[in-house]
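*Asks:* Before I ask anything, here is the structure I am working with.
The values are calculated or read from the model by the stated rules, or taken from the named source; none is laboratory data. Remember, it's a predicted structure, so these values are computed and weren't measured experimentally. All Cβ positions, even for glycine, are placed from backbone atoms using ideal geometry, and neighbour counts span all protein chains on display.
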Number of protein chains: 2
Amino acid sequence: MSTRYFGQPIRRNEDLRLLTGRGVYVDDISRPDMLHAAVVRSPYAHARIRRIDVARARQMPGVVAVYMADDLGPLNGPLPLLIPHDDLVHGRTQSALVKDKVRHLGEAVAFVVAQDRYLAEDAAEAVEVDYEPLPAVHDLLQALDPAAPRVHDDMPDNVAARIVRNVGDYDAARARADLVLTERLRIDRGTAASMETRGIVAIPEGDGYTMYVSTQAPVALRNGLAGWFGLPQMKLRVIAPDVGGGFGPKVMMFYPEEVLVLFAAMKLRRPVKWIEDRRENFVATTQEREQVHEVEVAVSRDGTLLGLYTRFVHDSGAYTPYGIQVPIITLTTLPGPYRLRNYRVEGTVVYTNKPTVTPYRGAGRPHGVFVMERMMDRIAEALGMDPLAVRRKNFIQPDEFPWDTGLIYQDWAPTRYDSGNYPLLADTLVRLLDLDRVRREQEEARRQGRYVGVGMAFYVEGSGPGPYEGVRVQVEPSGKVLVATGVGTQGQGHFTSFAQVVADQLGVRVEDVHVVTGDTAAMGWGIGTFASRAAVVVGNAAHLAAQAVADKARQVAARLLECSPDDIELADGRARVKGAPARSLSLGEVAFRANPLRGTLQFGEPGLEATRYFSPQQSTFPSGGHAAVVEVDPETAQIRVLRYCVVHDCGTVINPMIVEGQIHGGVAQGIGGVFYEKLVFDENAQLLTSTFMDYLLPTASEVPHIETDHIETPSPLNPLGIKGAGEAGVIPVAAVFAQALEDALRPFGVRVTEMPLSPARLWDMIRKGGGTPPAAGEEVGNETSPREGRQT
Amino acid sequence: MSTRYFGQPIRRNEDLRLLTGRGVYVDDISRPDMLHAAVVRSPYAHARIRRIDVARARQMPGVVAVYMADDLGPLNGPLPLLIPHDDLVHGRTQSALVKDKVRHLGEAVAFVVAQDRYLAEDAAEAVEVDYEPLPAVHDLLQALDPAAPRVHDDMPDNVAARIVRNVGDYDAARARADLVLTERLRIDRGTAASMETRGIVAIPEGDGYTMYVSTQAPVALRNGLAGWFGLPQMKLRVIAPDVGGGFGPKVMMFYPEEVLVLFAAMKLRRPVKWIEDRRENFVATTQEREQVHEVEVAVSRDGTLLGLYTRFVHDSGAYTPYGIQVPIITLTTLPGPYRLRNYRVEGTVVYTNKPTVTPYRGAGRPHGVFVMERMMDRIAEALGMDPLAVRRKNFIQPDEFPWDTGLIYQDWAPTRYDSGNYPLLADTLVRLLDLDRVRREQEEARRQGRYVGVGMAFYVEGSGPGPYEGVRVQVEPSGKVLVATGVGTQGQGHFTSFAQVVADQLGVRVEDVHVVTGDTAAMGWGIGTFASRAAVVVGNAAHLAAQAVADKARQVAARLLECSPDDIELADGRARVKGAPARSLSLGEVAFRANPLRGTLQFGEPGLEATRYFSPQQSTFPSGGHAAVVEVDPETAQIRVLRYCVVHDCGTVINPMIVEGQIHGGVAQGIGGVFYEKLVFDENAQLLTSTFMDYLLPTASEVPHIETDHIETPSPLNPLGIKGAGEAGVIPVAAVFAQALEDALRPFGVRVTEMPLSPARLWDMIRKGGGTPPAAGEEVGNETSPREGRQT
């Protein structure tokens, strides 16, 4: 065998291109005669539209078209509900343009197309909309009030779905418990804030269209839009070029603007571009995280978790285009690495007059982990046990796999953990952290009057769901290898990880393997990059395709070199006869001769090419443990993160550097969610934090050095043994810091039950000596998030 | 079965798009910041370059770059010799830019890139080139003179190749002949003059390039350019969009400008466009047809052809990038439908200082047919036989197939006729023409002092050579069907013919089948559209792919409808249970359910899609007979074509309307070659006919009504039984008119031995009472081709 790339932390193939400015993002696409669009958005979160007058806008210089709802005809019907679910009794989706009633701030009301963006924006301001403002549903608990306004007039209340699950018998477990503990926990709303906002260009070409879209799912978007417009799929090519961050919201299919830009390009027969500006991104791109849980655990005296019962409310915002995936993921993630035999869930999904919720990195998992880990801490506290000991007590053991939680996962398959070793995970984390030393230092600090705390949390993440992906692998006569997949990429390192998988099979250098992603013309089959699935599903498809190509290469080379295919080894870019290194051909020569001009099909199909698909039957379940050591200054509520340690198990690892990069990014986003990122709405559901001056993102100085280690429990569910790693970093961060802050501030009796926590809120808790989540609306007054409040 | 489209003269799918102006040609491609190129071309046919000074040009406003040979470094080496051949001892190809010596008029010397084409042209004029003019080789016979200048200094003479072939024993045949007849025949030079000239746009995209090229062979061009530039193929996408005529020269790979435009786009990292203007097209695009034959036939008294011996000279122009395909095709086509058992050929391929020769519609076949058919006429004349009787006497009979001529064809496979019925062809032509009546009318005319003549000629055309083509067929959930092939299209009706083949297998409407051609991103395997091969090779690949998709559709439908696949019929866009029409699914629904979101791979690969390749082992041999009735006014040499009849056998016919369109176009081009189209060069090899005012094309008023009929002898070599039809129309036209003119002008003793014949030349022949081909250079003085000379 040649160098084995699998498992090596090699540098990324794509970085030279990206770092030298050759990345191509949607806004880099330009065409002669291209028109530019601006969206007229509602300044109200809830309002009836009495009249829209576009006459003045249409007459403005450079304005080519102004579209209202009726101009779209049947194309303005409610957009598809992407993931229907039996429990989603009242699914609702928005139309491309609002006709009668606006349901969240920034909803699109009209669409202006002009010679340039400036003219389009000016004309958008000149569109006169006569609104009748309505009282808004501005909070998820308020949504349940029978007196609350109704987001959707045709519904009896604001309840989109009720989700009830019962595993085992919680009541019986409670009856035999020594201890029952309850808690109320809240996670608030954030936004993914990708560096690149959404963007769309639609270009008429012949009797078809090419669209460049900053999307995570180009194939799905192509299929959906083609269906919506009644276009044959082959007349719509969707390209997701380089994408500057996705994190979930860009998997949404489809946004009003995707319909509007294509519609305008069709009508006007000219290229049309729309790039979301940052202000729009805060209201027009989907959001996540708002959820309130009431939790009860039943425990025996030795710390054994007998059962858990949670009632929770999930705020879906104004619509449910993505179904109820987020709360489903929360409730299926909640059990974590623990033997939870008796589990009752009652979830309520409500509509509010806030921007729509769809998955954002973690996609409900941080909520579930926050709930379970907080309760583990409560048990430890109540029983006077070490928090880690409680967790160890309840870990599923290595010989208990596959472990079926009894729940159906988001992919309609069982939530059945494929493999793992949670005790080893904990051992490794303890060793990485050097827990004994940390505890000694903590005590020493306390003696010095410093408040240091330790938090450790664990999670299991369902990743890599199907249905499937496909990969085409081709060896060129140049010896270069093409790997084409239908998924897009938003920085995950696909150009390298998939290249490593393929290079190993073909015995070529990883830099000679070129990955093409996100172009429906290159690979028109597939789903998308989300749910930590690309490495699992695409990676294994790439493996299978590369194996098929390698097999063919050995057959062709054997014919040319007059030996048996079993005697051919592929290494160093060559096909060699084993034991006779002088008898060899370059792999490029084999590819060239596999496509001979005479007798072309003697080798079956021409050339060295194969397409293979991989379709996992269920998700795979990576796991991890995070630990943080923090120091808090109780006078200022200023926090210093002294240590942050991650031990991660995503099965076999293709490229540890890339996995660690994913983890680091996830932790950074998690820290944002713990201390900085909060979308604050007032009682009119007006957004008070709609710029990066108000909505704070962690910068390099807020993100600590992250120490990582891996354990590997290969997945038995796929040939490569891999599990997903894209979301892992973010999942337990809130749970870890909650525990660490409580540990540090134990003398003050601080109880962390909400996320995020701004310094002002934490200061308040220190003063009050506790923390119960504020009731609906109450937190607004407490909320300040000026730049000066940033933790350092 | 549903409607069978195969064989139906249905309207073309592509016409609505093309007729409503939605065709996309290379010059329709535009990009922001696109630069425009102009080529500095030599005004001399043969000259040494002493010095090139681009300083002034480089400083002109708007000029971005001026490139000379050395600027290209190794990329300016001699371009690839596309089709090497053992007999081509001195193959020579040009470089992108001339460094030392110009070898034909208009050869590229420098390349100017500027903000627009006007500025580029102005700067091209400002490039100062110091030429030392050399005496030119201006005629193919002069090229053989030992005293002639040498086109390539490193060669001992101007002979590129000598081609000797012997079948049977010509000397023995001659020895036993009753009669030996000799003739000297000449066909002169023409140009394809496609409505769209060549054009190239190269666009940098990320770390790769997209090129739009008006080419007949996008895949081959992509492969070749990628190799030349050391680019991975996947980093170069070549698109042949709609192409306004190809006719052979656009299969050439690659032209200097293809290298230069891509080079400039790489260097400047901006899109670059070059569109050939008409004047350039006359010298920079390849040409064809110049050939002189000395012929001798050995005949027995009853008209049996015992043997044929030809010595010929082929003018390849200044280079041989396409090898010696044209003279090879001439000598293998020459035997035609006749039993030629003893055949000797001695061909000499010479270099001259004229534009390079590569195949142009017919590609050497018209020459071969002209030679054989002229000799058939000479035999008839010598023996006092009816010309048709001589032909019938020598026809290969229907029970003699496969008939092997003993020659290796252009595709290195035997020239082995697969099927045919030449006597039936003649019978059908006689019936279509109503020969007896025509002969009576001819006599009646003669009595009235009118000169009417009849010509009938026959040919066999090798068509549809390999190596292979591939087709991907996919049924979409919309029910529309995608058919992707790597070949380009230049108006042949691919969007319809291939659709018919696929529609039959899938039971869908032909207008629901969308064909995609000429985009290496859609299908990166294949060769190109030339040699009358697309219907044969692509058509059969489409058939096989559609069969595979239909099989899968039946399997999927059977699973869904709970029956056996054998019980499913595909018709009217549905999959139906035979005998239970209520149990059915639309084909789109079957496609959708063949790609389920759960259990995706239960049907193997997702969806209804298959790619299949077809690789014929040898060419297939269509045949035909043409007849013309002409009237000549001997006072003015004005000609009226009273009738033009074609009987054609291309095996089974996919769409007779399209085949007839091909025949009509071919005959029109043939008429151009007979009466109008002649490139006249002076003794400096300067072109005297470099505009459409001098080089005449037949217009609608010069092309007669063409009557067509078909016979069908299916090819046993492919599943569909088809043979090529693209070039058929042009092949025998010269032979037919030569015979008809002689027949009409018999009282004047006119002997037609050259093509084309301008009215002035014919008038001269009528006066002189005969016609032997003029010697080298001699014809120039006789040549006039003013617009007034056009025949009507």
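*Asks:* I need a count of the residues in the stretch B:214-246 that are closer than 28 Å to B:Ala193 by Cβ and either away from chain A (no Cβ under 12 Å) or out of contact with any Pro (no Cβ under 9 Å at 6 or more places or on another chain) (or both).
*Replies:* So the count comes out to 18.
*Asks:* Of the conditions (1) crowded, with 22+ Cβ neighbours inside 10 Å; (2) within 30 Å of A:Trp403 (Cα to Cα), A:Pro716 clears all except one; give me its number.
*Replies:* Just one mismatch for A:Pro716, condition (1).
*Asks:* Has the stretch B:619-629 got any residue that is crowded, with 21+ Cβ neighbours inside 10 Å, within 14 Å of chain A (Cβ to nearest Cβ), over 30 Å from B:Arg746 (Cα atoms) and modelled with pLDDT of 95 or more? If you could, list the steps in order and put the result at the bottom.
*Replies:* Just the residues of the stretch B:619-629 that are crowded, with 21+ Cβ neighbours inside 10 Å, to begin with: B:619-629.
Next, only the ones that are within 14 Å of chain A (Cβ to nearest Cβ) stay: B:619.
Within this subset, residues satisfying the condition of being over 30 Å from B:Arg746 (Cα atoms) are B:619.
Then keep just the ones that are modelled with pLDDT of 95 or more; that gives B:619.
Yes, some residue in the stretch B:619-629 is crowded, with 21+ Cβ neighbours inside 10 Å, within 14 Å of chain A (Cβ to nearest Cβ), over 30 Å from B:Arg746 (Cα atoms) and modelled with pLDDT of 95 or more.
*Asks:* Here is a follow-up. Determine whether A:Ala265 is small (Gly, Ala, Ser), in a strand (DSSP E or B) and either crowded, with 24+ Cβ neighbours inside 10 Å or away from chain B (no Cβ under 14 Å) (or both).
*Replies:* Numbers: small (Gly, Ala, Ser): yes; in a strand (DSSP E or B): no; either crowded, with 24+ Cβ neighbours inside 10 Å or away from chain B (no Cβ under 14 Å) (or both): yes.
Against the criterion (small (Gly, Ala, Ser), in a strand (DSSP E or B) and either crowded, with 24+ Cβ neighbours inside 10 Å or away from chain B (no Cβ under 14 Å) (or both)), A:Ala265 does not qualify.
*Asks:* Kindly establish whether A:Ile671 is modelled with pLDDT of 95 or more, buried (at least 18 other Cβ atoms within 10 Å of the Cβ) and out of contact with any Lys or Arg (no Cβ under 7 Å at 6 or more places or on another chain). Walk me through how you get there before you give the answer.
*Replies:* Working: modelled with pLDDT of 95 or more: yes; buried (at least 18 other Cβ atoms within 10 Å of the Cβ): yes; out of contact with any Lys or Arg (no Cβ under 7 Å at 6 or more places or on another chain): yes.
The answer is yes for A:Ile671.
*Asks:* Also, I was wondering about something else. Please go through the stretch A:437-468 and pick out each residue that is crowded, with 24+ Cβ neighbours inside 10 Å and among the hydrophobic types (A, V, I, L, M, F, W, C).
*Replies:* Within the stretch A:437-468, A:Met456, A:Ala457, A:Phe458, A:Val460 qualify.
*Asks:* Same structure again: With the requirement that a residue be of a type in the set (D, E, K, R) and within 25 Å of B:Asp139 (Cα to Cα), what does the stretch B:309-343 give you?
*Replies:* B:Arg311, B:Asp315
*Asks:* Right, next: In the stretch A:230-256, which residues are in a helix (DSSP H, G or I), of a type outside the set (Lys, Arg) and either within 29 Å of A:Arg365 (Cα to Cα) or free of Cβ contacts under 8 Å to residues at least 24 places away in the same chain (or both)? Walk me through it before giving the result.
*Replies:* Going through the stretch A:230-256, the residues in a helix (DSSP H, G or I) turn out to be A:233-235, A:249-251, A:256.
After this cut, where a residue has to be of a type outside the set (Lys, Arg) as well, the list is A:233-234, A:249, A:251, A:256.
Passing the criteria: A:Pro249, A:Val251, A:Pro256.
*Asks:* Go through the stretch A:759-775 residue by residue and tally those that are modelled with pLDDT under 90 and either crowded, with 18+ Cβ neighbours inside 10 Å or in a loop (DSSP other than H, G, I, E, B) (or both).
*Replies:* Total satisfying the criteria: 8.
*Asks:* Has the stretch A:474-483 got at least one residue that is of a type in the set (D, E, K, R) and more than 13 Å from chain B (Cβ to nearest Cβ)? Walk me through it before giving the result.
*Replies:* First, pick out the residues of the stretch A:474-483 that are of a type in the set (D, E, K, R): A:476, A:480.
Remaining after also requiring more than 13 Å from chain B (Cβ to nearest Cβ): none.
Looking for residues that are of a type in the set (D, E, K, R) and more than 13 Å from chain B (Cβ to nearest Cβ), one finds none in the stretch A:474-483, hence no.
*Asks:* If B:Leu424 passes every condition in (1) out of contact with any helix residue (DSSP H, G or I) (no Cβ under 6 Å at 6 or more places or on another chain); (2) within 14 Å of another protein chain (Cβ to nearest Cβ) but one, which one does it miss?
*Replies:* Of the numbered conditions (1) out of contact with any helix residue (DSSP H, G or I) (no Cβ under 6 Å at 6 or more places or on another chain); (2) within 14 Å of another protein chain (Cβ to nearest Cβ), the odd one out for B:Leu424 is (2).
*Asks:* Going by the conditions given, is B:Pro32 within 14 Å of chain A (Cβ to nearest Cβ) and not aliphatic (A, V, I, L, M)? First the steps, then the outcome.
*Replies:* Working: within 14 Å of chain A (Cβ to nearest Cβ): yes; not aliphatic (A, V, I, L, M): yes.
Here the answer is yes, as B:Pro32 does meet what is asked.
*Asks:* Right, next: Is one or more of the residues making up the stretch A:486-496 within 12 Å of chain B (Cβ to nearest Cβ), surrounded by fewer than 24 Cβ atoms within 10 Å (Cβ to Cβ) and farther than 26 Å from A:Tyr417 by Cα?
*Replies:* Residues of the stretch A:486-496 that are within 12 Å of chain B (Cβ to nearest Cβ), as a first pass: A:486, A:495.
Cutting the leftovers down to surrounded by fewer than 24 Cβ atoms within 10 Å (Cβ to Cβ) gives us A:495.
Filter once more, keeping what is farther than 26 Å from A:Tyr417 by Cα: A:495.
Yes, there is a match, as at least one residue in the stretch A:486-496 is within 12 Å of chain B (Cβ to nearest Cβ), surrounded by fewer than 24 Cβ atoms within 10 Å (Cβ to Cβ) and farther than 26 Å from A:Tyr417 by Cα.
*Asks:* Follow-up question, since we're still on this one. State whether the residues of the stretch B:276-292 include one that is of a type in the set (Asp, Glu) and either in contact with a helix residue (DSSP H, G or I) (Cβ under 6 Å, 6 or more places away or on another chain) or assigned to a helix (DSSP H, G or I) (or both).
*Replies:* We begin by selecting, within the stretch B:276-292, every residue of a type in the set (Asp, Glu); these are B:276-277, B:280, B:288, B:290.
In the following step, the residues that additionally are either in contact with a helix residue (DSSP H, G or I) (Cβ under 6 Å, 6 or more places away or on another chain) or assigned to a helix (DSSP H, G or I) (or both) were identified as B:280.
Yes, the stretch B:276-292 contains at least one residue that is of a type in the set (Asp, Glu) and either in contact with a helix residue (DSSP H, G or I) (Cβ under 6 Å, 6 or more places away or on another chain) or assigned to a helix (DSSP H, G or I) (or both).
*Asks:* Is there a residue in the stretch A:611-618 that is modelled with pLDDT of 95 or more and more than 11 Å from every other protein chain (Cβ to nearest Cβ)?
*Replies:* no
*Asks:* Assess whether A:Asp130 counts as being touching a residue at least 24 places away in the same chain (Cβ under 8 Å), exposed (fewer than 15 other Cβ atoms within 10 Å of the Cβ) and part of a strand (DSSP E or B). Don't jump to the end; show me each part of the working.
*Replies:* Details: touching a residue at least 24 places away in the same chain (Cβ under 8 Å): yes; exposed (fewer than 15 other Cβ atoms within 10 Å of the Cβ): yes; part of a strand (DSSP E or B): yes.
Yes.
*Asks:* Which condition does B:Gln115 not pass, out of (1) in contact with a Pro (Cβ under 9 Å, 6 or more places away or on another chain); (2) touching a residue at least 12 places away in the same chain (Cβ under 8 Å); (3) buried (at least 18 other Cβ atoms within 10 Å of the Cβ); (4) of a type outside the set (Ser, Thr, Tyr), if it passes all the others?
*Replies:* For B:Gln115, the exception is condition (3).
*Asks:* Let me ask something additional. Keeping to the stretch B:653-698, report how many residues are within 21 Å of the chain's Cα centre (by Cα) and hydroxyl-bearing (Ser, Thr, Tyr).
*Replies:* Result for the stretch B:653-698: 2.
*Asks:* Looking only at the stretch A:502-560, count how many residues are in contact with a Gly (Cβ under 6 Å, 6 or more places away or on another chain), in a loop (DSSP other than H, G, I, E, B) and either under 17 Å from A:Gly724 (Cα atoms) or more than 14 Å from chain B (Cβ to nearest Cβ) (or both).
*Replies:* Of the residues in the stretch A:502-560, 3 are in contact with a Gly (Cβ under 6 Å, 6 or more places away or on another chain), in a loop (DSSP other than H, G, I, E, B) and either under 17 Å from A:Gly724 (Cα atoms) or more than 14 Å from chain B (Cβ to nearest Cβ) (or both).
*Asks:* Further question on the same structure: Report, by residue number, each residue of the stretch A:22-64 that is free of Cβ contacts under 8 Å to residues at least 60 places away in the same chain and under 28 Å from the mean Cα position of the chain (by Cα).
*Replies:* If the condition is that a residue be free of Cβ contacts under 8 Å to residues at least 60 places away in the same chain and under 28 Å from the mean Cα position of the chain (by Cα), then A:Arg22 is the only one that fits.
*Asks:* Further, regarding this structure: Kindly indicate the residue of the stretch A:570-610 that is among the acidic types (Asp, Glu) and surrounded by fewer than 20 Cβ atoms within 10 Å (Cβ to Cβ) and also farthest from the other protein chains (Cβ to nearest Cβ) among those meeting that condition. Write out each step before concluding.
*Replies:* We begin by selecting, within the stretch A:570-610, every residue among the acidic types (Asp, Glu); these are A:572, A:589, A:605, A:609.
Narrowing the set further to residues that are surrounded by fewer than 20 Cβ atoms within 10 Å (Cβ to Cβ) leaves A:572, A:589, A:605.
On the way: A:Asp572: 19, A:Glu589: 13, A:Glu605: 6 Å.
Among those residues, the one meeting the criterion is A:Asp572.
*Asks:* Quick one: is A:Gly227 surrounded by fewer than 20 Cβ atoms within 10 Å (Cβ to Cβ), in contact with an Asp or Glu (Cβ under 7 Å, 6 or more places away or on another chain) and either outside any loop (DSSP other than H, G, I, E, B) or in contact (Cβ under 8 Å) with a residue 12 or more places away in the chain (or both)?
*Replies:* On the way: surrounded by fewer than 20 Cβ atoms within 10 Å (Cβ to Cβ): yes; in contact with an Asp or Glu (Cβ under 7 Å, 6 or more places away or on another chain): no; either outside any loop (DSSP other than H, G, I, E, B) or in contact (Cβ under 8 Å) with a residue 12 or more places away in the chain (or both): yes.
Taking the combined requirement at face value, the residue does not satisfy it.
*Asks:* Quick one: how many residues across the stretch A:47-73 are among the small types (Gly, Ala, Ser) and part of a strand (DSSP E or B)?
*Replies:* Pass one, the stretch A:47-73, residues among the small types (Gly, Ala, Ser): A:47, A:55, A:57, A:62, A:65, A:69, A:73.
Filter again for part of a strand (DSSP E or B), leaving A:47, A:65.
So the answer is 2.
*Asks:* Sticking with this one: Of the residues B:Ile654, B:Ile663, B:Ile639, only one is part of a strand (DSSP E or B), crowded, with 21+ Cβ neighbours inside 10 Å and more than 14 Å from chain A (Cβ to nearest Cβ); which?
*Replies:* On the way: B:Ile654 fails: part of a strand (DSSP E or B); B:Ile663 fails: part of a strand (DSSP E or B).
Every option except B:Ile639 fails the conditions.
*Asks:* Which one of these is farther than 28 Å from A:Glu589 by Cβ and either among the basic types (Lys, Arg) or buried (at least 20 other Cβ atoms within 10 Å of the Cβ) (or both): B:Val251, B:Val219, B:Val201?
*Replies:* On the way: B:Val251 fails: farther than 28 Å from A:Glu589 by Cβ; B:Val219 fails: farther than 28 Å from A:Glu589 by Cβ.
Unique residue meeting the criteria: B:Val201.
*Asks:* Further, regarding this structure: Within the stretch B:186-198, does at least one residue satisfy the condition of being in contact with a His (Cβ under 8 Å, 6 or more places away or on another chain), surrounded by 19 or more Cβ atoms within 10 Å (Cβ to Cβ) and modelled with pLDDT of 95 or more?
*Replies:* From the stretch B:186-198, those in contact with a His (Cβ under 8 Å, 6 or more places away or on another chain) are B:186-187; that's our starting set.
The next check asks that each one be surrounded by 19 or more Cβ atoms within 10 Å (Cβ to Cβ); those that pass are B:186-187.
Narrowing the set further to residues that are modelled with pLDDT of 95 or more leaves B:186-187.
Yes.
*Asks:* May I ask you to list the residues in the stretch A:16-27 that are surrounded by fewer than 20 Cβ atoms within 10 Å (Cβ to Cβ) and modelled with pLDDT of 95 or more? Can you show your working first?
*Replies:* Filtering the stretch A:16-27 down to residues surrounded by fewer than 20 Cβ atoms within 10 Å (Cβ to Cβ) leaves A:16-25, A:27.
Of everything in the stretch A:16-27, those that are surrounded by fewer than 20 Cβ atoms within 10 Å (Cβ to Cβ) and modelled with pLDDT of 95 or more turn out to be A:Tyr25, A:Asp27.
*Asks:* Of all residues in the stretch A:692-713, which are farther than 28 Å from A:Ser623 by Cβ and buried (at least 20 other Cβ atoms within 10 Å of the Cβ)?
*Replies:* A:Tyr695, A:Leu696
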